[in-house]
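The values are calculated or read from the model by the stated rules, or taken from the named source; none is laboratory data. These numbers were taken from a predicted model, which means no experiment stands behind them. Counting neighbours? That spans all protein chains shown, and the Cβs are built from the backbone with ideal geometry, glycine included. Only protein heavy atoms, including side chains, enter the accessible area calculation; ligands, DNA and RNA are left aside. Shrake-Rupley method; radii C 1.70, N 1.55, O 1.52, S 1.80 Å.
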Amino acid sequence: MNFVNQNIKPLNTKINEMGNLEISGCDLVELAKKYSTPLYVMDKITLEQMATDYKEAFSSYKNTRMMYASKALMTSTVASIFYKLGFGFDVVSLGEMYILKNAGIDFSHATFNGNNKGREELVYALENNIARVSVDNFYELELLNEIALQKGKIQKILLRITPGIECHTHEYIQTGQLDSKFGFDLHMIDEAVTLIKEKYKNLDLRGLHAHIGSQIFETQVFEDEIEVLLKEIKRIKDKFNIELDEINIGGGLGITYIKSDTPPDVYKIADIIINAIKKYANLYELNEPVLYIEPGRSLVATAGVTLYTIGSSKDIQGIRKYISVDGGMADNPRPSMYNAEYFAEIANKKDDYKPETVTVAGKFCESGDILIKDIELNSPKAGDILCVYDTGAYCYSMSSNYNGVLKPAMVLINNGKSDIIVRRQTLEQLIQNDVIV
Ligand code: LLP
């Protein structure tokens, strides 16, 4: 059986009686007509299924706290959906916290992460009673203590550490290896703990935090990460006589963008993580800690597709045929940034199947603006609707206004119903902050 993150397409994707692609009872060609393209589409059922699988997979470890990594996709509706499902949040900026607040969500289950949090951001987090701040470095320890003192608070914190684990993913989305801008190296931990114990009296150290990378298919790295975290907790216990009782292991579980991607399912990952905690807690004679996990991509990527309209094409005889769509690197920068690969299909009816290998180009003024290189599509023509799969994570959240192109709208679909959850940007919004002097 395939779990959500092992599928390329959202649940309930099919060709309907009209011959068009349909997801969760919504005809994609109709959606494109109604809301115009490019259009981000999020399927609520797929998203909720993955979230439920996460909860179910970790249910045997009672002390698990699910924290959705907002950076993958943060909108007020998406935040509300996760909140209703009992998720907390990993937030990394004032903006993400503001969206949470706007959705009516308090910060009692939120962790503030990041390697260079600003004063204004920390003040906002504390004023809104954030549950945890994962402190990344010595500068932040001092700054946070000063702010907590001013506010008359004792802030609960974790220490973000660099566990020195390399996982095989793209260099830019690898974070746990030694040469990383994130976190305290293992040899810096003792100094940080000493400072908190002796000097920073407004900080209450509860545990350790790490994140080893993103789009991970290996399982051993999660066990290695837990070994490092619990070994450090044991060392701190022996040296300082403090037993930390929380570990936050970050996110990272991969998804299936193309057929050759083979991520493990969430139940397998949960087994490995839970067994590793039990094994190392037992080995180091520690209480089993509270476990925080912060999945982002695996919760939202598969639930999302982007619809584009095909426009011009260029056939370079014997070399390559380009077809261009009405979006590209501004609504999905991942192919140009990480060489990320995607699968796509023509959404509208075709009378017969005539496969053609093409390269899908965006409309932006840059040769690197290629969404998909060499994909077989069914006789793509101008006016056809192209559905690119797995765009639910790190597309809208990383989108830009490059070339003055407006950001697309996003709709949430659910059993034949569709609702706008992010309106298409307007030209007025594009210049709203411009000042003519
Ligand atoms: N926790 C922390 C501390 C993180 O830094 C991240 C991701 C996550 C959780 C969530 O990881 P996920 O489950 O989504 O893998 N823009 C890149 C991905 C950057 C990930 C950054 N940190 C991409 O488009 O592939």
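Quick notes
- Only protein heavy atoms count here; under a 1.4 Å probe, Leu307 has an accessible surface of about 0 Å².
- Given charges at Cβ of Lys, Arg, Asp, Glu: the chain dipole, positive-most of Gly254, Ala103, Gln317: Ala103
- The distance between label points at Asn12 and Ile420 comes to 2.4 nm (points 7 Å beyond Cα on the Cα→Cβ vector).
- Projecting the Cα atoms of Ile293, Pro163, Gly213 onto the dipole axis of region 44-299, where Lys and Arg carry +1 and Asp and Glu carry -1 at the beta carbon, places Ile293 farthest toward the positive end.
- Heavy-atom accessible surface of region 44-299: percent carbon and sulfur, 1.4 Å: 48 percent
- Signed unit charges on C-beta, dipole axis of the chain, positive-most listed residue Asn433, Pro264, Pro380: Asn433
- Only Lys, Arg (+1) and Asp, Glu (-1) charged, at Cβ; region 44-299 dipole about Cα centre in debye: 660 debye
- Those aspartates and glutamates that a straight Cα-Cα span of less than 18 Å connects to Lys201, excepting residues fewer than 8 apart in one chain: Asp136, Glu140, Glu142, Glu146, Asp190, Glu191, Glu243
- Between Ser379 and Ser80, the FRET efficiency from the beta-carbon distance, with R0 = 51 Å, is close to 0.80.
- Backbone phi angles across region 188-199, fed through the Karplus curve with coefficients 6.51, -1.76 and 1.60 (θ = phi - 60°), yield HN-Hα couplings of 9, 4, 4, 5, 5, 5, 4, 4, 5, 5, 9, 10 Hz in residue order; Gly and Pro are listed as x.
- Inter-label distance, nm, simple model (7 Å from Cα along the C-beta direction), Lys33/Ile154: 6.4 nm
- Student exercise, the chain dipole from Lys, Arg, Asp, Glu Cβ charges, in Debye to nearest 20: 720 debye
- Counting only Cβ charges, +1 for Lys and Arg and -1 for Asp and Glu, the dipole size of region 209-352 around its Cα centre is about 400 debye.
- In terms of accessible area, using a 1.4 Å probe and ignoring ligands and nucleic acids, Glu223, Glu285 rank largest first as Glu285, Glu223.
- Solvent-accessible surface (1.4 Å probe) assigned to Cys26 amounts to roughly 10 Å².
- Using θ = phi - 60° in the Karplus curve 6.51 cos²θ - 1.76 cosθ + 1.60, the 3J(HN,Hα) couplings for region 225-235 round to 4, 5, 4, 4, 4, 6, 4, 5, 5, 5, 4 Hz; x is entered for Gly and Pro.
- Rel. contact order, % - alpha carbon contacts under 8 angstrom, at least six apart, the chain: 21 percent
- Candidate residues Tyr280, Tyr394: accessible-area rank, largest first, probe 1.4 Å: Tyr394, Tyr280
- The residues Ile319, Ile216, Ile431, Ile436, sorted by heavy-atom accessible surface at 1.4 Å with ligands and nucleic acids left out, run Ile436, Ile319, Ile431, Ile216 from largest to smallest.
- Taking 7 Å steps out from each Cα toward its Cβ at Val437 and Lys350 produces label points 5.4 nm apart.
- Annotation for region 334-372 versus region 32-88: alpha-carbon center distance of 26 Å.
- Its relative contact order, with pairs defined as Cα atoms under 8 Å and 6+ residues apart, puts region 44-299 at 21 percent.
- Taking GluC sites (Glu not before Pro) across region 1-109, the ones in a DSSP loop with at most 11 further Cβ atoms lying within 10 angstrom of their Cβ are Glu17.
- Stretching the chain fully between Glu191 and Lys278 yields a gain of 28.5 nm (0.36 nm per residue, less the alpha carbon separation).
- Of the trypsin sites (Lys or Arg not before Pro) found in region 189-269, those that fall in a DSSP loop while having at most 12 other beta-carbon atoms within 10 Å are Lys199, Lys201, Lys259.
- Over 26 Å (Cα to Cα) - which of Lys199/Lys234; Lys44/Lys373; Lys199/Lys239; Lys151/Lys197; Lys153/Lys279; Lys34/Lys259 fall in this group: Lys44/Lys373; Lys153/Lys279; Lys34/Lys259
- Mean residue ellipticity at 222 nm, helices only, the chain: -8500 deg cm²/dmol; runs of at least 4 DSSP H residues each add -39,500 (n - 2.57), and the sum is divided by the number of residues.
- Shape of region 44-299, Cα gyration tensor, a/c cut at 1.5: oblate
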